[in-house]
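One structure is given below, encoded as structure tokens.
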Amino acid sequence: MPSVRIKRSSLIIGIVILLLAIFPFAYSRYTLYKLERGILAYLTETKRYEEKEILSIQAKISKTPRYPIYVKFVDEPDVTYLYIYRDDKYLQAPPALDSNGHLIRHKHTDKETL
């Protein structure tokens, strides 16, 4: 019965290789989901926004920052706010500069970023 053992061990090795290949993808998807849920909780509980005021939340994978979170609000659909999760808290990235070197402030710009 050596052929049965070889088939069984080949099957086990194949399953292990498949799981190792799928794990990074599944982990990154879970991380993005967790960040999106976390920023929603932060905005609704800490910043006191209502869910209906938030148009969209989308976490992505990039080089720097590793997991940026993009948030749009209903009253400013053309403005995208960048949040970063660092040191167990959510931080809003500073706003951009205009052509004169002044910070562009929008309705939902956090004062801590300035």
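The values are calculated or read from the model by the stated rules, or taken from the named source; none is laboratory data. Only a predicted model underlies this, so the values are computations on that prediction, with no experimental measurement involved. Counting neighbours? That spans all protein chains shown, and the Cβs are built from the backbone with ideal geometry, glycine included. Surface accessibility is based on the protein's heavy atoms, side chains included, excluding ligands, DNA and RNA. Shrake-Rupley method; radii C 1.70, N 1.55, O 1.52, S 1.80 Å.
Applying a threshold of 6 Å to beta carbon distances and a minimum spacing of six or more residues, or different chains, the list of pairs starting in segment 63-84 at a residue that is over 16 Å from Glu53 (Cβ atoms) and ending at one that is open to solvent by less than 80 Å² (accessible area, probe 1.4 Å) and small (Gly, Ala, Ser) reads Tyr67/Ala59; Pro68/Ser62; Ile69/Ala59; Leu82/Ala93. Has segment 46-60 got any residue that is at positive phi, charged (D, E, K, R) and either open to solvent by less than 70 Å² (accessible area, probe 1.4 Å) or without any contact (Cβ under 8 Å) to a residue 24 or more places away in the chain (or both)? Looking for residues that are at positive phi, charged (D, E, K, R) and either open to solvent by less than 70 Å² (accessible area, probe 1.4 Å) or without any contact (Cβ under 8 Å) to a residue 24 or more places away in the chain (or both), one finds at least one in segment 46-60, hence yes. Of the residues Thr64, Thr80, which is modelled with pLDDT of 90 or more and open to solvent by 30 Å² or more (accessible area, probe 1.4 Å)? Among Thr64, Thr80, only Thr80 is modelled with pLDDT of 90 or more and open to solvent by 30 Å² or more (accessible area, probe 1.4 Å).
Quick one: what pairs do we get from segment 88-114, first residue open to solvent by less than 70 Å² (accessible area, probe 1.4 Å), second of a type in the set (S, T, N, Q) and modelled with pLDDT under 80, C-beta under 8 Å, 6+ apart or different chains? Close Cβ pairs (under 8 Å, with a partner that is of a type in the set (S, T, N, Q) and modelled with pLDDT under 80) amount to Leu91/Thr113; Gln92/Thr113; Ala93/Thr113; Pro95/Thr113. Taking the condition more than 20 Å from the chain's Cα centre (by Cα), open to solvent by 50 Å² or more (accessible area, probe 1.4 Å) and at pLDDT below 90, does Leu19 pass? So Leu19 does not fit the description; no.
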